Amino acid sequence: MLEASGVVKRFGGLVAVDGVDFRVERGEIRCVIGPNGAGKTTLFNVLTGDLKPTAGRVLLEGQRIDGLPVHTIARLGVARKFQVPAVFQELTVLENLRVAANGGRSVLSLLRRDRRREDMARGIAEEVGLQDLLGVQAGHLGHGEIQRLEIAMVLVSEPRVLLLDEPTAGMTYDETRSIAVLLRDLATRRHLTMVIVEHDIDFIKMIGDRITVLHKGKVLMEGHHSEVERSDEVRRVYLGEGL
Amino acid sequence: MAGRGEAAAVRAARRVGVSISLLRWAHWGAVVLAAVALWVVPLFARSYFIGLLGRFLVFGLAAMSLDLVWGYTGQLSLGHAAFFGLGAYTSGLILAQTSWPFLGPLALVLGILIPAALGFVMAGTLFYGKVVGAYFAIITLLVSLILEQLAISMLWLTGGINGLYGMKPLAFGPLSVDTLNEAYYFIVIVSVIAYVLARLLVESPLGKAMDAVRVNEKRTASLGYSTAAVRTVVFTLAAALAGLAGVLYVPLEAFVYPSQLGVGFSTWIIVWLAIGGRRSLVGAFLGAFIINYGQSLLSERLGRYWVLATGVFLLIVVLVQPDGLLGIIRDVKDRLMRVVRGSRAGA
Amino acid sequence: MLTTLLNGVSLAAVLALVAIGLAIIFGLMRVINLAHGEMFILGAYSVVALHQWTGSVWWGVVLAPFVVGGIGWVIERTLIRRLYQRPMETLVATWGLSILIREGLKVFFGGGSRNLPIPIRARLHFGGFSYPGYRIFLIFVAIVVMAAVLWLFTATDFALKVRAVIQRRDMAMAMGIDAARIDQAVFALGAALAGLAGAVMTPLITLNPEVGLFFLARSFLVVIVGGVGSLLGTVLGAVIIGLGNAYLSFLTRPVFAEVALFVFAILLIRVRPSGLFARPE
Amino acid sequence: MKSTRAGNLGSSFARASEPVWSRREFLRNAGVGVTALTVGSSLLAACAGGEEGGGGGGKKGEPFKLGALIPITGIETHVGLSMKVSTQIAVDEINAKGGVLGRPIRLIVEDEASDPAIAVQKARKLIREDGVSFIVGTLISAVRNAVVKVTEPEKVPLFNPTYYEGGLCNKYFFSTGALPNQQIDPFVPWITENVGKSFYLIGSDYVWPHGSFAHVKEDVQKAGGTILGEEYVPFGKTDFSAEIQRILGANPEVLYPLVAGVDGITFWKQLAGYPFKGARVSHSVSEAILQGLDADTAKGIISAAPYFMVVDNPANKAFIDKYQAKSGAPYVDTFGEGLYDAVHLFALGAEKAGSLDTEKLIQGLKGVGFDAPQGHITIDPTTQHTTHAFHVAEATGNQWNSFNIVHTENEIAPASDCGKIPGITA
C-alpha cells in the first residue's frame, strides 16, 4: 500500500533519515517507534510530502508520490492527523464534522446541503462513538473525545492511508485504550492503512501489530511488539526510556 | 477519574442534545407566533405605534445583516449603515426622480443590488488582499464617512442635508405600498422572509464554514475552504440585506437622509446587535427593539444618559457577556438545567 | 504658494501628533484604539477647563498632555489589558469607551460647542508675505515633539525594551523587562500625544465633543498611508495627507479633496496591506 | 459657560448634517426612542382609540394643545433654550389673559434636534399621538422642509419662526421668519452704497446658503457690483486656511460668509489670523455668534436681521426683561423672538376667527398683526408670511448689546417666490 525505499533526508550536514526501507500493507497498522532524534517525525513528513526526500522514493500503491505537493498527496488519500488538536472549539461535534465533510466544495454550492456528506458526517460520528455528543461544543469535550473527533474529521475525507502523530499523547490509560480499540476496528472495517508514530508502549501493545523501530535514521528492527520487547538491541537503544 | 469525567460529559451532552432539538422546534414555533402577532398589530394599535414597530423591524433587519458579518464570520463592519443608506438612497432616488417603467420592482431590486455590488467590491478587494480584522473595520468606517460626505454635498442629486423626499409609492403591478399600514405589512412580510432565509443560510454548510472561518481560519483553509471566498460571499449577502432594510425604510418614513449612511447610525446598528446578542439572528431584532424602546421610556434629558449607557453596555458585552441579552437568557436556562441535573444525580 | 505649503504643513503637524500616538500603541500592543479621537477631545477640553480657571490657554496647552496621558494610563490598566490578544473585542470596547467619553463630556460640559481665543494674534512677516503666528507655533511644537518621540524610540534604552517586547514579549519578560509596564507607558504616551494635539488645536477650531471622530478618521488615513511600522513612516504619512489636503482643497472643492484622500488610502491598503501595518524592526 | 450655540442657524446646520462628527445620530435615535415613549400608552389607549383632537371641537376651559418643535438637544442647546423660553413666555402671557377663546393653551414641546429624521418622528408624534392641531417651531431649513411634508398632508398648520431662503407656500404654512426680500434684498444695496461693490461669497454646502446667495448675487448685479468668488464648504470643516487663502487672493471689498454656525465661528476666528483688509458682512450673525468670538474679532462685523436685542421699543424691553429673568441667560435671538410672535399671532388669529377649528383659524390668521419686539408686524394674507422690520447693525464687541443699529426700515412686505425651493433641484 504505502512503501518507502532507500529514503534519505539530510538537513545540511545532519542526516535525519538514512536510507529507510519500509512497507505497509493494506489494512495494516504500523507503529513507528524510536528514541528522540531517531528520525520518526522526519520520515513522517517525507511520507506526507511536507518534506522532499534527499534520495529514495515513496510509493502509494506502486505510484511515486515523493515530491508531490501536500494537498495533492492528501487528495490521493493520504490523510494526516496532527498531534496538536485543531478542532473548532466553539462548534459542536456535529458542526465540526459537517465543516470537515464539506471541505473542498465551491463556496456557492455550499448553500445547499449535500445529503451524502451530511449522512457521512453522522455515520462517522457513530463509528468513532461520538453519536451521543453531537450537540456538545468541542471545547467541552474530554481530551480523548477531542482525539476521536480529530480522527473522525480526518476520516470524513475518506482517506486510504492514515498517518497519526502520537494520537494518545497526554491521555489517561482509559482514553488510550478506547482510542486503540477504535483505531483497530476502523482499520478492519474500512481496510484503512495506518502509520502511527507513538511513544506509549501500552498503546502499541493494544494496537499490537508490526512495529518498526527507528534509530539514528535507520531501521533498527521490525516485527511484532513481543519480539521487539524481547530484543536486547532495542533495550540498549531505549536505555533509560520507558520500555 | 477521567473516565467518570467523560461519562459525566456524555450525560450532560445527552441533555444538551435534547434541549437543542427542543430549542429548534421552539424556535420555529416562536417565529410563526411572532409573525402572526406582528400581523395583527394594526388591527388594534394606533398608526403611530404601527410606524414605530415598522422602524424597529427595519432596524432589526439591518442589525441581522451585521450579524452575518460580525457575529458569524467575525469581521466587524464599523460602517454598516453605508449599505443601509445606499439601499435607501438608490430606491429613493429612483422613486423620486425617475418615472421608469416597473418603478417599484426596479427600486426594490436596484436598492438591493447596488449595495450588494459595493459590498462585493469592498470584500473582494480587501479579503483577497488579506485585509481583515481591524484594518477591514477601519476601511468600512471610512467608506461610511465618505458616502455620508457625498450624500451631503451632492445637493443636485440627493438634496443634501435637506434629505430626499417626494418618492412615488413603491408599487408592484396592482398592489402598491403607499399608506402606513401597507408599508408596515410589506415590512413584516419581507422581514419574516429575510429572517427565514438568513436562518437557512447559517444552518447550511456555508453557515458552518462561516463559523469555522471565524473560529480558526487556518484550519478551515486546511480543510479545503477558500476563506476569502466565504467571507466575500457572506459580506455581499449581508450588504444586500442591509440594502433591503434601507429600501423598506423609504415607504415607511417617506424621507432619506445622509445620516442614514453615516458612522452614527452604523454605531447604533453595532449597539443593537451587540446588546441583543451576536450569532443568533434573533438577538439583532431583540436589541433593536429593547434599545429603542428603552430610550423611549426616558425623558429628553435622560435620553442623553441613555446614549451614555449604550457605551457602558458595549463594554459589558465585551468584558462580561459576549452574547448580550440572549447570552444572559441562555445562562439562566443553563443554570436551571444544572439544578435539574443536580437533583436527578442526587436521586 | 508658500501659504499653501505652510497650510499643509500646519495641518500635517497636528495629524502627525494624533497619528503617532495611534501608531505607537498599535505597533507595540497590536491594539487599535478607537477612542483615540476622544483623547484628542479630552486634551482640548482640559484646555477649556483650565482656561475657565486661569483665563489663559497656555496652562492647558502645557498640562493637557499629562492629564490625558494619565487618563490613558488608567484606560490601559482597567480596560485594554483585559483584552490583550483579542483585537476585535478591543475594537468594540474602545468604540464603547469613545461613546462613554464623548457623552460624558456632553453631560459635564454641556452639549454645546466652545471657543477659545487664539493666544498668538501676531503675524509672521517676511517680504510681502505674512502668516498667522499661532500656526507657526503649532508647526514648531509638532516638530519638537516629533523629534523627542523619535529620539525616545530610537536612541534610549526605553527604545531597546520596547523593541524587545515587540519582537519577543515572552523572551523580553524572561530577561526581566516588565512588558506590562512598557504597555502602560506607551499607551499613556500615545494618549498624551493625542491630548497635546487637541490642546494646541483648540484655539483654532470651534470645539464640541463630536470633533474627535474627524481626527480619528484623519489619523487612520495617515496610519494607512504611512504605516505604523516606522515612526518616520507615520510622520511621512501625516505630511502626505496634510499637504495633499491643503493642495487638493485649494485646487478643487474641499469635499472632493476629502473623498480623494479617503479613496487613495483605501486603494493603498489593498496594494500594500502587509507593508502598511508592518512591525518596526 | 460661554458658548457659541446661541441663536444660530449654523450651529444647528452643522449639527444636523456634519458627516464626520455625527455622534448625534445617537440623539437622533434617542429621538426615535422618545417617540417610542408612547408605545405603551398607545397600546393602552388603543382600544379607547379615537382622535382626541385638540382641534375645533373643544369645550370652554378644556386646554388647547399647542405643539412646539424646538432644537433642544445637541450642540445648539442655547438656541433651544431661547426658543423654548420665548414660546413659554408668550403662552403664559396669553393664559394669564384667560387663554384663547376661554381655553388655556397647553404647550407640548418636542425636541426636533435640528435633525430632519428626528423632527419628522416628533411631528408625527405630536399629530398622531398627542393630537395637536397647530404646531410652531423648526429652526433649520432641512427640518422645516421635512416637517412641512408631514404637516401639510395631515392638514395641521406649521408656524415657522426662522428666516430662511423662501419658497414654502402652502395653505398650512405660516412664518414669522424673514424672507430674502425682507433681509437680503434691502441689505445688499445698503452694502454697495456704504461698504463696497466687490463681493466674495462663501457658504456651507447646503440649501440655505445656496438659496440665500442666489438672492445676493441677483441683488449685487442689480446694484452694479461684482462677485469675485463664490464657494461652498463641507460641514465640520476645522481648517479654512485654503479658503481664506483664496479670499485673500481675490481681495474683495466685501466678504459675505454664510458658513453654518459652529463652522462659521471657526471661520471668523481663523480669518482673524490672516491679513484680510475688506469688510466682513453677513445676515446670519446674531448676538449669539458674537459672544462665540473675542471682542477684537467680533468688532466691525456687519449684520442685518428683523430683530436685534438692542432694538429700542417698549414691547422689546418688556420681552427682554421677562426673558432674562426667566432663562437666566442674557441672549435671546431672532428665532426666540420669532416664536414669541408666532404664538401671539396664533392667539390673535383664533380670537379674530372666533374658533380654533383649523380651517377657520387659517382664515382668521390672515391679516392679523401686533406690536412685536422687533416692531409692528402683520401676516400677509397671500404669502402667509409676516411683514418685517429690517435693521442693519455693526458689532462693536461681543456682548448681547454690542450691536449698533446703523439703518432701519419698517414693515417690509413678504414676497415669497413660491414653488421650488431655490438652491436645490432635488
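The values are calculated or read from the model by the stated rules, or taken from the named source; none is laboratory data. Predicted model, so just to flag it, every value in this text is computed and none were measured. All Cβ positions, even for glycine, are placed from backbone atoms using ideal geometry, and neighbour counts span all protein chains on display.
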Practice task
Considering only residues that are outside any helix (DSSP H, G or I) and among the β-branched types (Val, Ile, Thr), look in region B:173-196 and name the one that is farthest from the chain's Cα centre (by Cα).
Solution key: B:Thr179
Exercise for the section: Evaluate the following for D:Glu218: is it free of Cβ contacts under 8 Å to residues at least 24 places away in the same chain and not assigned by TED's automatic domain parsing to the domain that holds D:Gly166? Expected result: yes
Practice task
Report whether or not C:Leu231 is surrounded by fewer than 24 Cβ atoms within 10 Å (Cβ to Cβ) and closer than 22 Å to C:Phe137 by Cβ.
Solution key: no
Problem - Filter result (touching an Asp or Glu at 6+ places or on another chain (Cβ under 7 Å) and in a helix (DSSP H, G or I)) within region A:187-211 - result: A:Ile204
Completion exercise
Selection over region C:247-264 where residues are more than 7 Å from chain B (Cβ to nearest Cβ) and in contact (Cβ under 8 Å) with a residue 24 or more places away in the chain yields a count of 4
Exercise for the section: Go through region B:128-186 and give me each residue that's away from chain D (no Cβ under 14 Å), hydroxyl-bearing (Ser, Thr, Tyr) and within 17 Å of B:Leu118 (Cβ to Cβ). Expected result: B:Tyr128, B:Thr140
Handout entry: The listed residue being part of a loop (DSSP other than H, G, I, E, B) and either within 14 Å of chain B (Cβ to nearest Cβ) or under 30 Å from B:Val132 (Cα atoms) (or both), out of C:Gly104, C:Gly112, C:Gly96
Key = C:Gly112
Handout entry: So C:Ala278, is it within 14 Å of chain D (Cβ to nearest Cβ) and either modelled with pLDDT of 90 or more or farther than 29 Å from C:Gly104 by Cα (or both)
Key = no
Fill in the blank from the handout: Requiring at least 3 residues that are under 30 Å from B:Leu237 (Cα atoms), the helices (runs of 4 or more DSSP H) wholly within region A:68-185 are A:93-101, A:115-127
Problem - region B:73-105: number of residues that are within 14 Å of chain C (Cβ to nearest Cβ), over 14 Å from B:Thr236 (Cβ atoms) and not in a loop (DSSP other than H, G, I, E, B) - result: 1
Fill in the blank from the handout: Being at pLDDT 90 or above, more than 8 Å from chain D (Cβ to nearest Cβ) and more than 24 Å from C:Thr94 (Cα to Cα) narrows B:Leu273, B:Leu237 down to just B:Leu237
Problem - Filtered residues of region B:54-63 (kept if of a type outside the set (D, E, K, R) and touching a Leu at 6+ places or on another chain (Cβ under 7 Å)) - result: B:Gly54, B:Val58, B:Leu61, B:Ala63
Problem - Selection count where residues are surrounded by 24 or more Cβ atoms within 10 Å (Cβ to Cβ), modelled with pLDDT of 90 or more and part of a loop (DSSP other than H, G, I, E, B), scope region D:310-337 - result: 1
Practice task
Specify the residue that is farthest from A:Val195 (Cα to Cα); the eligible residues are those in region A:75-94 that are aliphatic (A, V, I, L, M) and crowded, with 19+ Cβ neighbours inside 10 Å.
Solution key: A:Leu91
Problem - Within region D:166-215, tally of residues that are under 23 Å from D:Pro381 (Cα atoms), out of contact with any Asp or Glu (no Cβ under 8 Å at 6 or more places or on another chain) and buried (at least 24 other Cβ atoms within 10 Å of the Cβ) - result: 8
Exercise for the section: Restricting attention to region C:1-26, report how many residues are over 11 Å from C:Ala246 (Cβ atoms), within 14 Å of chain D (Cβ to nearest Cβ) and over 9 Å from the mean Cα position of the chain (by Cα). Expected result: 2
Practice task
State the number of residues belonging to region B:304-333 that are more than 9 Å from chain C (Cβ to nearest Cβ), surrounded by 13 or more Cβ atoms within 10 Å (Cβ to Cβ) and not hydrophobic (A, V, I, L, M, F, W, C).
Solution key: 5
Practice task
Filter region C:1-13 down to the residues that are in contact with a Ser or Thr (Cβ under 9 Å, 6 or more places away or on another chain) and not small (Gly, Ala, Ser), then identify the one that is nearest to C:Val149 (Cα to Cα).
Solution key: C:Leu11
Fill in the blank from the handout: Taking region C:121-132 and keeping residues touching a Gly at 6+ places or on another chain (Cβ under 8 Å) and either facing chain D (nearest Cβ under 10 Å) or within 16 Å of C:Ala12 (Cβ to Cβ) (or both) leaves C:Arg121, C:Ala122, C:Arg123, C:Pro132
